[in-house]
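See structure below.
The values are calculated or read from the model by the stated rules, or taken from the named source; none is laboratory data. A quick note: this is a predicted structure, and the numbers were derived from the prediction, not measured. A quick note on method: Cβ atoms are made from the backbone with ideal geometry, for glycine too, and the neighbour counts reach across all protein chains shown. The accessibility values were calculated without ligands, DNA or RNA, using every heavy atom of the protein model including side chains. Shrake-Rupley method; radii C 1.70, N 1.55, O 1.52, S 1.80 Å.
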Amino acid sequence: MSYNIPKTQKAAIVESHDAPIHIKDDHPVRQPEELAPGECLIKLDCTGVCHTDLHARKGDWPLPSKLPLIGGHEGVGKIVAIGAHTVSSPVNIGDRVGIKWLADSCLQCEQCRKGLEQSCAKAKLSGYTVDGTFSQYVVSYVSHVTPIPPNLSSEEAASFLCAGVTVYRALKYSKTNPGDWVVIPGAGGGLGHLAVQYATNAFGLRVVAVDTGEEKKKLCLELGAEKWIDFRESKDLVKDIKDAAGGDGPHAALVSAASSSAYEQAVDYLRPGGSLLVVGLPGKAQIGAPIFWTVVKSINIIGSYVGNRQDAREALEIAALGKAKCYLALKPLSALSEVYEGMEQGTVVGRVVLSMT
Ligand code: 8ID
Ligand code: ZN
């Protein structure tokens, strides 16, 4: 099978962290003969917009990104070429696959051998250290692209490649049991609204959703949260969260907000033995946990970074069973700047997915 591959494409380019996003129509497409072994060329159907893309666009993380940069790491599309001399590819030309944050890793180091490949020292990050999915074609890596279950549309699947896999893995290692309470600050956002569904439908947890505004409240309650707290209206967040979670506080807190304030009181409201799942990534903030209570309450502080190849497949399988659905607005690539503005102002409910066709 071979496909007609154009020489140029539409792409959204971050030229510098202060310049406006530049949408180009004539960005070169890497041609099949230019692919290295292990690389593949994917024609994208669509791509989700993650808050991480906004961090990359602003350059507010302590990890430098490439510049100029094509962001995006929640892409779904079809493989149209595979680099010559690629050995034992687990995917084929014509397969529909997803591009996640972890574009590639060495697969040989201790972290890769242990399934912590996202922390590989040689990790390549889609839309950060290598160009990502805000373009019609993307070059990715056969070992790391994720097969998409046939009964999910590309739009439905896209945000599971980052938001979905991230919250799924955080909950998987949360040390919770079915029937436990989890509080989710950031519950109305991209990661958070999927976390509400994985927590209730896959892990049997009871959810206290924390975010702000009527639309996010309605969404969280519809998706299965039992309790809602508006962090802007609460006068005593610690008391409100404890009360909502049966009086003793939640067994876990999955913080998916892109703000440090959401972390501030977690050790105070968590139940003894509880887990703080550190997921939201404000660039320069510290977790201000009191040492005394962290020890005396035996609190687990667990940093959780996206997921490995297996986590991605599991997260998508659960979505394919209908247990988690992305609440999304479909927009064109040209809307990217306004999507970032909405994210900054907190007005994006669920996710925005950009159509690339
Ligand atoms: O691997 C990881 N750990 C990982 C993977 C993917 C994304 C981490 N992230 C990070 C992103 O880089 C970002 O910092 O998670 C954060 C959230 O990403 P997102 O879900 O894509 O962002 P969003 O859609 O803008 O949702 C954030 C929500 O947080 C709420 C906002 O209202 C919004 O709904 N929020 C904020 I900002 N402050 C809050 C607070 N104090 C809050 N909710 C409760 N309390
Ligand atoms: Zn992401």
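Can we say SER298 is of a type in the set (Ser, Thr, Tyr) and within 14 Å of the chain's Cα centre (by Cα)?
Details: of a type in the set (Ser, Thr, Tyr): yes; within 14 Å of the chain's Cα centre (by Cα): no.
No.
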- Task: Please find, among GLU226, GLU155, GLU214, GLU222, the residue that is in contact with a strand residue (DSSP E or B) (Cβ under 7 Å, 6 or more places away or on another chain) and without any contact (Cβ under 8 Å) to a residue 24 or more places away in the chain.
- Result: GLU226
- The residue that is most open to solvent (accessible area, probe 1.4 Å), considering only those in the stretch 85-141 that are touching a Lys or Arg at 6+ places or on another chain (Cβ under 6 Å) and under 18 Å from VAL29 (Cβ atoms), is GLN136
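Kindly state which strands (runs of 3 or more DSSP E) lie completely within the stretch 1-84 and contain at least 3 residues that are touching a residue at least 24 places away in the same chain (Cβ under 8 Å) and open to solvent by 20 Å² or more (accessible area, probe 1.4 Å). Spell out how you get there, then give the answer.
Numbers: elements: 8-14, 22-28, 39-49, 75-82.
The qualifying strands (runs of 3 or more DSSP E) are 39-49.
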- Task: State whether one or more residues within the stretch 286-305 are among the hydrophobic types (A, V, I, L, M, F, W, C), farther than 26 Å from SER105 by Cα, touching a strand residue (DSSP E or B) at 6+ places or on another chain (Cβ under 6 Å) and within 13 Å of ligand 1 (Cβ to nearest atom).
- Result: no
- Item | Close pairs from the stretch 241-253: first at positive phi, partner open to solvent by 10 Å² or more (accessible area, probe 1.4 Å) and in a loop (DSSP other than H, G, I, E, B), Cβ under 7 Å, at least 6 apart | GLY249/ARG271
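Among the listed residues ILE287, ILE301, which satisfies the condition of being touching a Leu at 6+ places or on another chain (Cβ under 8 Å), without any contact (Cβ under 8 Å) to a residue 40 or more places away in the chain, under 24 Å from HIS51 (Cα atoms) and not in a loop (DSSP other than H, G, I, E, B)? Full working, then the answer.
Values: ILE287 fails: not in a loop (DSSP other than H, G, I, E, B).
Checking each option against the conditions leaves just ILE301.
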- Complete set of residues in the stretch 260-284 that are of a type in the set (Gly, Ala, Ser), more than 16 Å from ligand 2 (Cβ to nearest atom) and not in a strand (DSSP E or B): SER260, SER261, ALA262, ALA266, GLY273, GLY274
- Filter result (within 12 Å of ligand 1 (Cβ to nearest atom) and among the hydrophobic types (A, V, I, L, M, F, W, C)) within the stretch 161-178: LEU161, CYS162, ALA163, VAL165, VAL167, ALA170
- Hits in the stretch 69-116 - residues which are acidic (Asp, Glu) and out of contact with any helix residue (DSSP H, G or I) (no Cβ under 6 Å at 6 or more places or on another chain): ASP95, ASP104, GLU110
